[in-house]
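A short reminder: the numbers here are calculations on the coordinates, not readings from a lab. On a predicted model such as this, the values are computed, not experimentally measured, just so you know. Neighbour counts are summed over all protein chains in view; Cβ atoms, including those assigned to glycine, are modelled from backbone coordinates with ideal geometry.
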Amino acid sequence: MLSTSTRNGPIRKIPVELLVAVFTILIDGNVVGTGSVPLPFQLSLVCRSWREIFLSTPSLWTYLRLLHDFSDDVPLEDIKRYLVIMLNRSRTCPLVIVYGPSALWFLSDRIDDLSCVSRILLGHVHRWQIVENVHLRNFGNTTGLHAPVLHRLKVNSSTLADTSPFATCPSLKELSWTSYSKRRKWEDDPIIPWNQLTELVLGEMTSSSAIKVLRSCPQLITFHLSILGWFQKAEDFLGSFAFPALSILRLRGDITAAILKDTLERSACVLQTLSIACQNWGGNPLDILQTQRCSSLTKISLAVSPHTSTFQGPNGWVKGATIQPSLMSTNTSYLFPQLEELTLTYACETDGLLGIMIESQFKFSSCFKAFKYNCNCQTVFSLHRRMDLEILEDLLNQGYNIIIDHNDEGLIFEFDGY
C-alpha cells in the first residue's frame, strides 16, 4: 500500500518494483498490439527514469507480438531492427511470441518478410516459452531444434502437419494444433510429452486416433476436440477415459446426454466451462447440467440442433437456471449459481421462458455478465416474432451485455473458442 504522501507525490517517487509490475500488466494485456512499434519502446521514451527501468529489466522486453505491433507498411529492416533490440535486451529471459492475423501480410509479397522475421526467432528457440498463432511454414525447417522451456504451443496451420516441429520439448504443457492432415498420426508422435499435458486442442481427427492419444493424457485440465464420425463410436470414445483434473471441456460432434454424463461422473471432475456443438443430440441436457460435475460452471455454450426425436428440449434446465427473488431469501438453490457467460443457438419450446431466465440472471445474480444468442433466422429456431426477443432487446436497451447474431444462411453449429 502506498502512503498518502506517495499517492499525491510525483510519479518518480513510486517504487521501482511497483512500476515494473504496472508495466508488465500493460505489456501483457496489450493483446491487440500497438500497430506502430512495440509498447516497451513507447513507454521508455516517456522520461529518463522510465527508460532506466526498461533498460535494467530484461523481462519487460520478452513479449514479441507479430504482427500486431507493426503496421503493414513498416519496412522489413525496421521490424528486424526492433526485433533484434528486444531479443538482446531480454537477455536470457523466456520469450512470449504471439503472431496476429494480418491479411495484407499473408495475401501479399510480405509473406517472405514474415518468413525472414520468423527465422530470426529460430536463433532463440532455446528461450521460447509461449508461442501462439504460429504458422510453421514461415519458419522453414525446424527439425532437430530443441525447445527446452516451451510451455505452450499454438499452431494454426502448417505445411509440417505430419511431423513434430522440434526434436525435444520436455516442458510442454499446453498444445493447440488445429491444422488437419489425414496422414498425421498423433498417437505415434514420441516427441510430445503427452503424459504431462494439461491443455489439448486438436483439429478434426477420427475417434480411433483420439482414443489412442487421450490414453496418454491423464492430466488434462482443458480439452478441445472435434471428432470425425463421432456418432459411430461415441460410446467407445467417451467410455474409455476418466479426466479427474478436467475443468474446461469443448466438444464438437454428435453425442448423447447419457454417455457424456457417464464420462463426467467417472472422471469425478468439476467443470468450469462446457461447450458442445452438434447437429444430433440425444437425451435431455438437464441430465448433465444438473449434476454435481456442472454445479460450478461459469461459462456455457450450447450449439445444438433438436433435429431428432431423441432430443429433449431446454425447458427443464432453463427453468432450473431462472432465479426467483423468493429463492434468494430462502437460500433455495438454482442451477449455475456461478454462471458468468452463456451462449446458445436455440430457444425453448415455451415462448418467453429463455428471456425470463436471462433477465433473472442479469438482475439477481452477482456473477452473470454476458449472454450471446446465435439466431438461425430462417429456421424454426429463430427468435423472431417471439416474446424472448422482445425481452432480450429490452434488456439490451437497458445496457446489459447481450449479443444477438442474426444468421440468414442456415443453422449455426459452432461455439466460441473453436
Label-point separation (nm) for residue 212 and residue 384, each offset 7 Å from Cα along Cα-to-Cβ? 4.8 nm
So if we plug the beta-carbon distance of residue 25 and residue 92 into 1/(1 + (r/R0)^6) with R0 = 22 Å, what FRET efficiency do we get, rounded to 0.05? 0.45
Please give the length that would be gained between residue 351 and residue 56 if that part of the chain were fully extended, namely 0.36 nm times their separation in residues minus their C-alpha to C-alpha distance (nm, one decimal). 100.0 nm
If each residue of separation counts as 0.36 nm, what is the full-extension length gain between residue 287 and residue 324 once their alpha-carbon separation is subtracted? 11.1 nm
Mind scanning 299/363; 173/299; 173/212; 299/319; 212/372; 212/369 and naming the pairs with a C-alpha gap bigger than 28 Å? 212/372; 212/369
Sorted from fewest to most neighbouring beta carbons within 10 Å, what does the list 354, 60 look like? 60, 354
